[in-house]
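Undergrad: One structure, as structure tokens, below. Some questions next.
Every read-out reported here was derived from the displayed coordinates using simple, explicitly stated rules and does not represent laboratory data. For clarity, every value in this text was computed on a predicted model and none was experimentally measured. Reconstructed Cβ throughout: ideal geometry from the backbone, glycine too, with neighbour counts over all protein chains shown.
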Amino acid sequence: MTNRKSIIKFTILIMIIAGAFFAFRYTPLSQYTQKETLLDLLSRFREHWWGPVGFIIIYGIGCAFALPGSLLTLCGGAIFGVAWGSFYNILASNLGATLAFLMARYFGRDFVARLMKGRIESFDEKIAGNGFRFIFTLRLIPLVPFNGLNFGSGLSRIKYRDYLLGSVLGMLPGTFIYTYFADALLSGVTGSGKKAMTNLIIASVLLILISFTPTIYKKLKK
């Protein structure tokens, strides 16, 4: 039987997620889920020395409240360029992943653990025993929802150490490609040279290639 405390904590988690969804869908905050509006807001950060810190904080908190990580990553690439954009995006995305994980672990793990019986509990133990490999593999697959994996991992028995290391390494390729794509896209819009078009083509090809990661992984595993 689930005790009262775990139920209350899990209810708070659901309310936080539902409240964030409602706020970013049906209130004036919804405008910040639009790429143009969010990019315009974050572009102002570039003019200040504290801009990168502000971007990282907004990215991290945004992910904790289920704001799309890919949207924020693209903004980081468009604002800061490939090199610094990739660096800031990696820090920010892992901060957001950590906040979401800890939120789910604190508010929801006890409730979920008490509900697990039989095969579900065995599956949870198996995942925890291979936490790093599990997270690393899923982070390489673009189709796996970023926020869903963050919260789901927090509800599981996966150790935070395995989760963090798997996330950092697993998100490196995708983060760089999305950042490169955003920078190349902006250069293609604002520039007029052959180099801008070449970079945009390269970024597009890389995005296509990363979508085949699951297939390549299965073949290598065989």
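Undergrad: Which order do the peptides 160-172, 63-75 come out in when sorted by mean C-beta neighbours inside 10 angstrom, highest first?
TA: Numbers: 160-172: 18.4, 63-75: 21.8.
Ranked from most to least packed, the peptides come out as 63-75, 160-172.
Undergrad: Contact order normalised by length for region 4-175, with contacts defined as Cα pairs under 8 Å and 6 or more residues apart; what percent is it? List each step's numbers first, then the result.
TA: On the way: 198 pairs, mean separation 41.3, N = 172.
This gives 24 percent for region 4-175.
Undergrad: May I pose another question? For residue 46 and residue 117 in the same chain, what is the full-extension length gain: residue separation times 0.36 nm, less their Cα-Cα distance, in nm?
TA: Extending this stretch completely gives an extra 20.5 nm.
Undergrad: Same structure, new question: From the cross-link list 35/126; 9/159; 5/126; 9/126, which pairs have alpha carbons spaced over 31 Å apart?
TA: Going by Cα-Cα distance, 35/126 fall outside the 31 Å limit.
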